[in-house]
Amino acid sequence: MFNYNFRWNQALNALPQMLDGALVTLQIALLSMLIGVTVAVLLTMFRLSGNRILGGFATAWVELARNTPALFQIYMAHFGLGAFGIHLSPFTSLLAGIAFNNAGYLAENFRGALKAIPDTQARAARSLGMPATQAFRLIVMPQMFRVAFLPATNQMVWAILMTSLGVIVGMNTDLAGVTQELNARSFRTFEFFAIAAVIYYLIAKAVTLAAHAVAWRMFRY
Amino acid sequence: MFDTALTWNDLIFLAHGAGMTLMVTAVSVVAGTLMGIVFGVLRYQAGPVWSLPLTFVLDIFRSVPLLIQLVLANAFQAIARLGWDPFTTSCVVLSLYTAAFCTEIVRGGIEAVPHTTRRAARSLGMTWWHDMRYIVAPLATRVSLPAWIGLTLGVLKDSSLVLWLGLIELLRASQILVTRLQEPLFILMICGAIYFLLSFPVARLGGYLERRWSPND
């Protein structure tokens, strides 16, 4: 049945290059999460502000991010923005696409988390004389982060998996891109991508474990 | 003022792409859900220890990027000389991917049925199968349907990745048009609008059912 000689050596020799790629993957994922969380907090504040324009903007962002494919969002950044004369490198467009996606999903997470925080918390803060922004920043937001932390971890894993889409817009420094370059040179598709799959799996598991450890350390009473 | 080289034929081409997207999604969701139900019941019945191998295998499908899975499956079918076309390969991979998520949803649904209800059923003389069919299935469906709708929409969106295997689905169709007409923004906006129109109403339905069917409020 298998009329094929597996050449694992060749693929294993390229392991250092692939691990470098894995670092780039992690870097993109972390950056996209940082941008995503920042924007998501902004969007959440927009939605709470009661301003119709800001609220509508936030809702539009969230619905667009959640109802179109991530690959479409990356395409939009890579090809679509070209119509305005903005030409992004694969790295930037990948980062922009994933950050856009993350922000939408995280804003929805935060909204769910806000529901779990009793209204009385904010009201008690206000009655102690805090202005609305201070009450949100010092009382509501920390609790929101605690509730939303583990769902956000899931989003981090998603971000890592999403970075693999960069190869479709010509990214060649992250794990998927490096693997594809090596594959294009040797045509050992199965071996190279099997190793890439193992690395992705290990990264995803490591991130989940680390996040659980952090959550246990930070959020216990 | 505004003119475009896009013709009706191009729109029909896009519609064919959307048809391919829906086709891949439908096949994968149906097959994946059936597998997910079987695996979910197995996982629940076997308990956490004995189902460890199954959990591990299914977890792989959730922790490895779908794109890598597609490339691997395509390379594998070539090595094993299975002679699958890209459509079959895509459907197999997406079905397994769906099954991996669906298993968790099904297990969660079964666990949400109170033990007392099931014991009451069994003590009335119902067999395991009767209990599953008439007691657990309706109650579990109610709990898991919103999550399942979310999963279906996820698969609809993730099915865009099958373009890597050369299948002309919606996104690939619009990319071909972009290459030919050089109007990226306009064509991509049409493509996005189609995805949005397919996904948004169903997402709203899911949200409605989640609120309507929440057992505790």
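Remarks
- Trypsin sites (Lys or Arg not before Pro) restricted to DSSP loop in region B:30-128 with at most 14 other C-beta within 10 Å: B:81
- Between the listed residues B:69, B:58, B:48, the Cα displaced farthest toward the positive end of the dipole of region B:8-213, a dipole computed from Cβ unit charges relative to the Cα centre, is found at B:48.
- Counting Cβ atoms of other protein chains within 10 Å of each residue's Cβ and taking the mean over peptide B:156-166 gives 3.
- Sequence ranges B:142-154, A:207-219, ranked by mean other-Cβ count within 10 angstrom, highest first: B:142-154, A:207-219
- Three-way shape call for the protein assembly as shown based on the alpha-carbon gyration tensor, with the a/c threshold at 1.5: rounded
- Neighbouring partner chain Cβ atoms per residue of B:72-85, average, 10 Å criterion: 3
- Ranked by the mean number of other Cβ atoms within 10 Å of their residues, highest first, the peptides A:146-153, B:161-168, B:202-209 come out as B:161-168, A:146-153, B:202-209.
- J(HN,Hα) series, region A:82-95, from Karplus relation 6.51 cos²θ - 1.76 cosθ + 1.60, nearest Hz, glycine and proline x: x, 5, 9, x, 9, 10, 8, 6, x, 4, 5, 5, 4, 4
- Given their separation in residues at 0.36 nm each and the Cα-Cα distance between them, residue B:126 and residue B:180 gain 13.0 nm when the chain is fully extended.
- Average partner coverage of A:157-164, which counts Cβ from other chains inside 10 Å: 3
- Scalar couplings 3J(HN,Hα) for region A:70-81, obtained by applying the Karplus form with A = 6.51, B = -1.76, C = 1.60 to θ = phi - 60°, are 4, 5, 4, 5, 5, 4, 4, 5, 7, 9, x, 5 Hz; x denotes Gly and Pro.
- Unit charges on C-beta of K, R, D, E only; dipole of the protein assembly as shown, Debye: 1340 debye
- Extension gain for residue B:6-residue B:57 works out to 13.7 nm (0.36 nm per residue, less the C-alpha to C-alpha distance).
- If you plug the beta carbon distance of residue A:52 and residue B:193 into 1/(1 + (r/R0)^6) with R0 = 41 Å, you get a FRET efficiency near 0.95.
- Selection from A:139, A:168, A:100, by position along the positive dipole direction of region A:8-219 (Cβ): A:139
Every number here is computed from the coordinates shown, using simple stated rules; none is lab data. The structure displayed is predicted, hence computed values, not measured ones. Neighbour counts are summed over all protein chains in view; Cβ atoms, including those assigned to glycine, are modelled from backbone coordinates with ideal geometry.
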